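Step one of this worksheet: look at the structure below.
The values are calculated or read from the model by the stated rules, or taken from the named source; none is laboratory data. Note that this is a predicted model, so its numbers are computed, not measured. When we count neighbours, we look across all protein chains shown, and the Cβ atoms used for this are built from the backbone with ideal geometry, even at glycine.
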DNA sequence: GATGAATGAGACTTCATTCAT
DNA sequence: TATGAATGAAGTCTCATTCAT
């Protein structure tokens, strides 16, 4: 068949797999479940994928691609402060989408899978590194402008920023009740240093006097 | 035999299971693997556990208990600022321990498992809620003292703090190279509002002019 | 596949199971034995049956159906005397068939199984009750015609008639050498009151003097 | 220990086994069940029996001994008619005892077991043959006195008599509601030729005219 | 002799994968 | 190319039996 047909079938299967994985997890999902949800026969998936693991890997890689596409759009040319807001916004775009909680649960599975799969693991690390590099670059620019403490390690700061996104995913996946708007607000305050009231400024300047 | 013996055997098996799960993950671990690592025969685990799932659940619950014990010690009577440091310290105590990266990988599995298991899921939510409640309480105290913006929702702020811990676990589990000391430093700056230089104070004071 | 195909496979498996059960008994028969005898692979039976117990139950139920079909044909409209002969005949039809002794052994297993299985037990009781009801009805008709002692309880008389059939099954299953023709002749004499010579009539007429 | 002690322990175990077998059947009964019911440790039965099969065999043989003792008492010297009554009486003594229905269920298991076990099978056949021989002898005596049709085969007649006993066991084991007194009455009528009313005498004499 | 924890062979069952139609 | 029945390797779990205490 045509290349397009094959691609369409693959996506159809991956989509079915996603639904099943969400419902039951990777290892509790049978190939037959996937086939049934995809409206195909038991043997059909094997025309488009090597094995069940291959489907899992494809689904993971597809999920990671999605992430990469989303987070890969951070604009390095923007000013540091608005960039932090962009980080927040980019994240929130995902967190506000319908089914975001399901996506979170699936993401958790992908992360877990990456722990045991070399390929998925490598892809995930590449993903994380891409985002971290972007954010770190922004931090450096801010440091160059004298806005951020030069003693701080840009990659490490970037990792804390990334954690604010990842941690939300974890909590939502775990079923913690998160009010995304408020979480966003708190994140923004944290990331832009507005958490603390100016009137309490002296207190926080103990170790960093002006 | 004695209650103590039974408990010892259960722990021995859970410990073996932990090692196997870390090595291969839940579903790739065979009961025989666990038995072998525990130095027992194939059927022995079934004297102490109902089934493989029971072992998984026990191992998860044990891991969550450990977390709860660790994070349940936050001192609500302390001042807000030192409390943030305590949060950091409590977390860092875990992140600096040998095998912390392994623990992170295991934690990811527990989280994933909780997505499909009612019991583990409930325990995990209880865990997260406990921490969140503690941190939120601290935030409220800081707000009462006028240190933190009263417009922010304490639970949401707490969730961002928790994310800084969870996100680190995710990144380490994923194999991202994290320098824990520097991550700690960045976290501290973020949480205590010291990320931004005082000289850049005007910029962050948009909503809170001095 | 088609409904017919499924039914055919089920019968094929039940038939194989019957052979195995006969050879080794229920509990000594492995699923693999059944599969092998049926010319199938290890897992095949599970497409058509829930479990080994399900196969046993199906086989029992099939055996009981067979009985019911055979004994359910008694003709209530016939006269009492020829009915007893019909009972004998119906029974003998089964006892004379090739493999009747094997069937007897299998029947013993079904009875035994019914002692522990609610479903099979219920089916067996229904089976016995059906026959008993038929025979009892015949007895009543004979009593109405004044042929049989009205003091006798029809169901109980029916049970003794049934015993003449069941007892033969037991003895043959146990390996007792039974000459079916002669057993039939003795049964007929017993059931039709011809056991005793007319010349000895006075002796048996203690309670029923001519 | 003393011979008596060993015998006592064996009986204790056999008794426990009987209770378990009755509850669950042979193959569903675990050695540990038997040990528990007997108030012994898991390993204890192995001091007194070779294996589980050995316990089953012992229990069967014990049950058969009991039967043999009961039915072996038939008095060959008595007159034929009272002998049939004795047969009935001997049987009824067993059927009227408390727990007779349980005994019947267990007997069914023994019969079934005898189908697969050479030893038990041989013992059962010996049992049946003993009874049959006794009854056949009585029949012969009656024939010699001209009371019973000389054309009938004594062993076959005996087998029908035995069936009246075995069939009751089957029906009771199967859970059919049997009123033993009435069954006895019907049996007596059947065996002593009193089933048919004398007034219907002509009808039954079709083939045996005086 | 007694105990009962431990053993481990073996049964049941599942399900990824194949292949005849 | 699609189907889905069949395959059979492999895992979970059981329980008769052993043996150190």
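Of the residues making up segment C:5-16, those that are surrounded by fewer than 20 Cβ atoms within 10 Å (Cβ to Cβ) and away from DNA strand E (no atom under 13 Å from the Cβ) number 8.
Listed here are the residues, each with its yes/no results for (1) at pLDDT 95 or above; (2) farther than 18 Å from residue B:103 by Cα.
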position	(1), (2)
B:32	yes, yes
B:41	yes, yes
B:44	yes, yes
B:47	yes, yes
B:55	yes, no
B:63	no, no
B:68	no, no
B:71	no, no
B:77	no, yes
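Per the conditions (1) away from chain D (no Cβ under 14 Å); (2) part of a helix (DSSP H, G or I), the sole criterion not satisfied by residue C:40 is (2). Among the residues of segment C:162-192, those identified as without any contact (Cβ under 8 Å) to a residue 12 or more places away in the chain and under 15 Å from the mean Cα position of the chain (by Cα) are C:163, C:166, C:167, C:171. The set of residues in segment D:129-161 that are in contact with a helix residue (DSSP H, G or I) (Cβ under 6 Å, 6 or more places away or on another chain) and touching a residue at least 24 places away in the same chain (Cβ under 8 Å) comprises D:131, D:132, D:135, D:138, D:139, D:141, D:142, D:147, D:148, D:158, D:159, D:161. Checking residue B:19 against (1) closer than 23 Å to residue B:108 by Cα; (2) away from DNA strand E (no atom under 11 Å from the Cβ); (3) in a loop (DSSP other than H, G, I, E, B): exactly one of these is not met. Which one? The single condition residue B:19 does not satisfy is (3).
Quick grid of which residues meet (1) surrounded by 17 or more Cβ atoms within 10 Å (Cβ to Cβ); (2) closer than 24 Å to residue A:29 by Cβ; (3) within 16 Å of DNA strand F (Cβ to nearest atom); (4) not assigned by TED's automatic domain parsing to the domain that holds residue B:10:
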| site | (1), (2), (3), (4) |
| --- | --- |
| B:23 | no, yes, yes, no |
| B:26 | yes, yes, yes, no |
| B:35 | yes, no, yes, no |
| B:38 | yes, no, yes, no |
| B:45 | yes, no, yes, no |
| B:67 | yes, no, no, yes |
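For segment D:47-59, residues that are within 9 Å of DNA strand F (Cβ to nearest atom), crowded, with 18+ Cβ neighbours inside 10 Å and under 20 Å from residue C:26 (Cα atoms) total 1. Kindly establish whether residue C:177 is farther than 30 Å from residue C:53 by Cα and modelled with pLDDT under 95. So residue C:177 does not fit the description; no. Being more than 7 Å from every other protein chain (Cβ to nearest Cβ), modelled with pLDDT of 85 or more and either crowded, with 17+ Cβ neighbours inside 10 Å or out of contact with any helix residue (DSSP H, G or I) (no Cβ under 6 Å at 6 or more places or on another chain) (or both) is a condition met by at least one residue of segment D:187-208. Just give me the residues in segment C:43-66 being part of a helix (DSSP H, G or I), away from chain D (no Cβ under 14 Å) and either away from DNA strand E (no atom under 11 Å from the Cβ) or in contact with a helix residue (DSSP H, G or I) (Cβ under 6 Å, 6 or more places away or on another chain) (or both), in sequence order. Residues satisfying the conditions are C:45, C:48, C:55, C:57, C:58, C:59, C:61, C:62, C:65, C:66. For segment B:1-10, a residue qualifies if it is touching a helix residue (DSSP H, G or I) at 6+ places or on another chain (Cβ under 8 Å) and away from DNA strand F (no atom under 15 Å from the Cβ), and the qualifying residues are B:6, B:10. Against the criterion of being over 12 Å from the mean Cα position of the chain (by Cα) and either crowded, with 23+ Cβ neighbours inside 10 Å or modelled with pLDDT of 95 or more (or both), residue D:143 does not qualify.
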